[in-house]
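A short reminder: the numbers here are calculations on the coordinates, not readings from a lab. Computed from a predicted model, the values in this text were never measured in an experiment. Note that each Cβ is placed from the backbone with ideal geometry, even for glycine, and that neighbours are counted across all protein chains shown.
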Amino acid sequence: MQPATYLSRFILVLFSCYLSAAATAQTITACGNVQTGGRLIFDKGVYSDCAMTNPSIPSRDRPYLSYTPPGEGPATIGILLVESADLSPSPVATDLFGEWDSADAVVEDMGGHYAGDCSDMSAANPTLDRQIFTVIDGNVYCGRYSSDSGASILIRGTLDGSSESFRDPAAFVVTASTPDDPAPATATPVPALPAFGLFVLVGLVASLGRRGLRTLK
């Protein structure tokens, strides 16, 4: 097989890999109006405008990172979908990201110095593990709910035992994006792997092209 043929096939493989990476890129966007509040008389937690409906109980649409102080049982931290009407203060708005996929809802202890957006949780997607029974004051906790549209709502809070609540609350939504999608104004920067891959592709093509020409001479 001629060097030029090898080069053509190599270019096609690399370009296919680039297109695949670009098509599956993800966008991480900060949710609006993140709040720390209470749910009836049960617990306190973190929530935002980001929401998804529950296929069993559609009125439960608000992913909520909760802390229940010790009482008759141990203190717990969990992630659940609750009714917006049960939250005080009330959510400001509702940005829906599909219906819960009934497969992924997980909360995780990220340690005492975590400051990320929860997209690097070690729990695989999907995972159903919605409650932690060993909680540590001052540690950061992340919760994740995923929808049938492929979106994931992420919620972060640092447990503050003295106030029986969370401090430094944050919430994000992860959505699939394509190169044609406009970047959201509040998007959290993510590594531009497709662009980097294209840069590498151009360099390899140029290098292999020179080698191919020298071989053909």
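Couple of notes before you dig in:
- Net charge of the neighbourhood of CYS142, taken over other residues with C-beta under 15 Å away and scored Lys/Arg +1, Asp/Glu -1, is -3.
- Residues in the range 114-122 carry Karplus couplings, in order, of 6, 9, x, 9, 6, 6, 9, 4, 6 Hz; the curve used is 6.51 cos²θ - 1.76 cosθ + 1.60 with θ = phi - 60°, and Gly or Pro positions show x.
- Backbone HN-Hα couplings from phi across the range 154-160 [Karplus 6.51/-1.76/1.60, Hz, Gly and Pro as x]: 10, 10, 10, x, 9, 5, 10
- Gain on full extension, evaluated as 0.36 nm per residue between LEU96 and ILE41 minus their Cα-Cα distance, stands at 17.2 nm.
- Of the chymotrypsin sites (Phe, Trp or Tyr not before Pro) found in the range 32-73, the ones in coil according to DSSP and having at most 11 other Cβ atoms within 10 Å of their Cβ are PHE42.
- Distance in nm between pseudo-label sites at ALA85 and GLU164 (7 Å out along the Cβ direction from Cα): 2.6
- Of the trypsin sites (Lys or Arg not before Pro) in the range 20-127, those whose Cβ has at most 14 other Cβ within 10 Å and which sit in DSSP loop: none
- Under Karplus coefficients 6.51, -1.76 and 1.60, residue-wise ³J(HN,Hα) of the range 64-81 in Hz, glycine/proline x: 9, 8, 10, 10, 10, x, x, x, 6, x, x, 5, 9, 10, x, 10, 8, 9
- Environment charge of LEU128, counting only residues whose C-beta is closer than 12 Å and scoring Lys/Arg +1, Asp/Glu -1: -1
- For ALA105, distant residues with modelled amide H under 5 Å away: THR127, LEU128, ASP129
- Estimated dipole of the range 26-188 in Debye, rounded to 20 [Cβ of Lys and Arg +1, of Asp and Glu -1, Cα centre]: 240
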